[in-house]
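The values are calculated or read from the model by the stated rules, or taken from the named source; none is laboratory data. What you see is a predicted model; the values in this text were computed from it and never measured. Accessible surface is based on the protein model in full, side chains and every heavy atom, while ligands, DNA and RNA are left aside. Shrake-Rupley method; radii C 1.70, N 1.55, O 1.52, S 1.80 Å.
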Amino acid sequence: ITVSGTVGEDRTATLILTASGEWTVTAKWNGKEKTASVVVDDAYRIKIQLTSRLPDGYTEVEYIQSNGLCQIDTDCRIVFNKTRIVMDIEQTGKQSSGGLIFQAVASNSYYCYMGEYSNTQWVYNFGNAGSKRADLDIVDKRVIIDCDFTKSTLFIDDNSYSIYKGVQTTGIFSWFRRSPGTYSPSILAKMYSAQIYNTGVLLFDFVPCINPSGTVGLYELVNGKFYTDAGKGTLTAGPAV
């Protein structure tokens with residue numbers, strides 16, 4: 001069975017599939033061609049990218065994986081009560097003392113963090129306001145974590161939890177890091193992608209990749225910067241995209 005479509009001015013094409021099963025989707029443009037295979041149940045949306053969104057020499061990978069001692073420090077600044085942080089991650093193991101997926105710290109000691117608290121809980125903390133805990137075990141499960149300060153809500157897939165909104169203070173953002181100047185354990189996890197928004201506007205868009213020197217890390221698309229491990233761990237790369 002063959003179906004075809006032409007991309008319109010909206011740069012999308014809709015293909016109406018008449019049967020379930022494995023389909024091969026091919027996109028052609030300006031002499032370039034790329035093919036992907038997908039298994040379709042009832043409905044499926046696939047995006048085929050003909051050119052890399054990263055600079056020359058960078059290789060986009062499906063994910064980067066932390067061995068539990070990594071910390072990726074950035075110079076990204078967030079305003080706590082205007083921020084939404086979205087992560088596509090898969091926790092791959094447990095740390096005996098827990099482990100964090102992110103932290104943001106301000107010069108006036110305001111801070112927030114989120115990470116594993118126990119075998120069955122995730123914890124979110126903002127400054128002296130105390131912590132909120134989410135009873136959910138996500139080991140070996142790929143999930144979308146959506147920490148939305150503007151709505152005072154934490155979403156983990158279809159589960160939602162109330163969190164503290166925070167204050168209008170600017171903090172410096174780090175992935176995996178627990179506190180400034182220390183190397184406390186970080187979460188054991190694969191990170192597939194991450195975005196940070198300010199009042200709905202995309203500020204930072206992190207893509208797992210390998211740089212031209214072979215270093216594994218995250219490339220931030222909006223500002224064109226590469227970040228890698230600044231801790232005592234090892235980041236490993238998933239398969240190339």
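Okay, here's what the table says:
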read-out	value
Accessible-area ranking of W29, W23, largest first, probe 1.4 Å	W29, W23
Heavy-atom SASA rank of S4, S66 (probe 1.4 Å, accessible area, largest first)	S4, S66
